[in-house]
Amino acid sequence: MAYGGAGPVGGSGSASTIKQVKLERESELRIEVGNDAPLRLRLLNGTAEIFGTELPPEIWLNFPPRLKFAVFTWFGATIEMDGATETDYTADETPMVSYVNVHAILDGRRSRAKASPPDDSDASQGPRVIVVGPTDSGKSTLSRMLLSWAAKQGWKPTFVDLDIGQGSITIPGCIAATPIEMPIDPVEGIPLEMPLVYFYGHATPSNNVELYKVLVKELSGMIERQFTGNTESRASGMVINTMGWIEGVGYDEKLCSMLKDVLKSEPKVDVVKLQRSGGVVSRNAKVRQKARSYRIREYFYGLSNDLSPHSNIANFSDLFVYRVGGGPQAPRSALPIGAEPAADPTRVVPVNINRDLLHLVLAVSFAKEPDEIISSNVAGFIFVTDIDIQRKKITYLAPSSGELPSNVQTAFICDDVAGKCLKLKEGVEGSFCSSVLVLRFARPAPVMSPSHSCSSCTWGMKNSTVSSHGGVGRRFDFAPLCHCGEKAIMRTARTAKNRGRKFWGCPKFKGGSEEVVGCNFFYGAVKM
């Protein structure tokens, strides 16, 4: 959590606007932090929680500008606030009782799954909850509550975020999954220790339905493989947050009735209709677009502008750029008479590097060949700040110092994800292209030091730490899977050429037993 000190927000010389609010049992305080200054809040007495995470008593918490949240209490509490809010009010009619009842049912099913024999794939499978509904109906908030309550009970559920328009785990335009081992921090949000991220590049599935389906299938397959070797995660189940897209290929406004009709032949599927919280605020397209811009800026500069991205330079000759979802499948001459050429939504097309790529956000993926781009997950994101055509060099901002991981690909975010004008830094505005682009390095580059990592690395990464500039940086580090399917471990090279350097290797390699022999997996040496 973002803990604050004991003094007022503005220091000893500034006026402090402290306000106390007494909450009755089963009521909540709904708050929208102002646009210009943070808000401090603490629990004076009683018990209270924010989206399922309990507040520590007598400790100030710092909430950044524009954040919207609600403090709920089951038995009564007194809350103290220091700072200005856009709005704050108390509500005594909430759907929390129905929400916690759902949690209780899920907890019972997790216990039964844990007690079942591991070889019984059906009985040992914990509940899989899919939260569906229209835009701005509180799906993300309900998902956080169910996850935090489960983690509080000792479970480790997997959170799957399919909402590409909002991005709860990483920046918008991605689908992602991560295990939840602790109640979710009400300020920092979803923990970023072990996320698995796939890049889509649009704010709605309707822009490229086929690509969205392919990525969801890839993510699903990876999670299933994780569950196969982890009985604890399998019993804990998952919570899936979906898009608010319920028309066309999605479902219309009669969502609950349609789902019951579609799933009536599935005996193990229950459709539960829950009341929408009165604290949910409807947002227009402009407000959602602005929220996406803030989300992307937060990736590079932090929630409270406390991170320090690093500037790096690469040669054009080191890069190959591709577009995903462009170009016709076949020329008109090769088609039957009267047929029109149709664009292939999953085709990978080469793109020349030029000034059109300036001020674009790129996603770094683990693909090593162009045909692996769509099926590969994402390591992190960079922002193009300059393209020198004469010198054939590209300058970009990255969450950490050093070069990008070796043998990686990179993809751009399109304009409907973050808007035409993303202000990453004072005087620097970012525009976005209209389709997904991908970039591949022509030669290997050293992998980052494993001290900390960026906010969308593969399953097994670490969180952020202090950088050399006094701010906080995030790196592209990860713990990849070796050819045996095991999570690789960090080793130290002893050869004359790479002595002292770190690399990822198979955990079973040269284990001292003839019966336990690992593979020859090796992933790049790390500069110390």
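The values are calculated or read from the model by the stated rules, or taken from the named source; none is laboratory data. Being a predicted model, the structure only gives us computed values, none of them experimental. In this analysis, Cβ positions are derived from the backbone assuming ideal geometry, glycine residues included, and neighbour counts consider all displayed protein chains. Accessible surface is based on the protein model in full, side chains and every heavy atom, while ligands, DNA and RNA are left aside. Shrake-Rupley method; radii C 1.70, N 1.55, O 1.52, S 1.80 Å.
Which FRET efficiency, nearest 0.05, do Ala123 and Thr47 yield, Cβ-Cβ r, R0 41 Å? Intermediate results must be reported in sequence, preceding the final value.
Values: r = 36 Å, r/R0 = 0.87.
E(calc), rounded to 0.05, equals 0.70.
Leaving ligands, DNA and RNA out of it, rank Phe366, Phe227 by accessible area with a 1.4 Å probe, largest first.
Values: Phe366 35, Phe227 5 Å².
Highest to lowest solvent-accessible surface, that is Phe366, Phe227.
Rank by packing, highest mean first: peptides 281-293, 304-316, with packing defined as the count of other Cβ atoms within 10 Å averaged across residues. Before the final figure, lay out each step's value.
Working: 281-293: 14.5, 304-316: 16.5.
Listed from highest to lowest mean packing, they are 304-316, 281-293.
Inverting the mean 1/r over all pairs of different Cα atoms, compute the Kirkwood radius of segment 95-281 and quote it in Å. Mind showing how you got there, number by number?
Details: mean 1/r = 0.0585 Å⁻¹.
In segment 95-281 this quantity evaluates to 17.1 Å.
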(request) Give the accessible surface of segment 257-301 per residue, rounded to a whole number of Å², with probe radius 1.4 Å and ligands, DNA and RNA excluded. (result) 73 Å²
(request) Quickly work out the Thr228-to-Arg391 label distance, labels modelled 7 Å from Cα along the C-beta direction, and quote it in nm with one decimal. (result) 4.9 nm
(request) Give me the distance in nm between label points sitting 7 Å out from Cα along the Cα-to-Cβ direction at Ala285 and Lys217, one decimal. (result) 3.1 nm
(message) Could you tell me the calculated FRET efficiency between Arg25 and Ala115, based on Cβ-Cβ distance and R0 = 41 angstrom, to the nearest 0.05?
(response) 0.75
(message) 7 Å from Cα along Cα→Cβ at both Asp136 and Thr78: what's the point-to-point distance in nm?
(response) 3.7 nm
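Once you've got the Cα coordinates, tell me which of Lys68/Lys139; Lys114/Lys268; Lys19/Lys139; Lys139/Lys213; Lys22/Lys139; Lys68/Lys290 are over 23 Å apart.
Values: Lys68/Lys139 15 Å; Lys114/Lys268 17 Å; Lys19/Lys139 30 Å; Lys139/Lys213 21 Å; Lys22/Lys139 28 Å; Lys68/Lys290 15 Å.
Table pairs above 23 Å Cα-Cα are Lys19/Lys139; Lys22/Lys139.
Based on the Cβ-Cβ distance from Glu266 to Glu210, what FRET efficiency comes out when R0 is 25 Å, to the nearest 0.05? Can you show the working numbers first?
Values: r = 25 Å, r/R0 = 1.01.
E(calc), rounded to 0.05, equals 0.50.
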(request) Express in nm, to one decimal, how much length is gained between Asp306 and Asn35 on full extension, taking 0.36 nm for each residue of separation and deducting their alpha carbon distance. (result) 95.8 nm
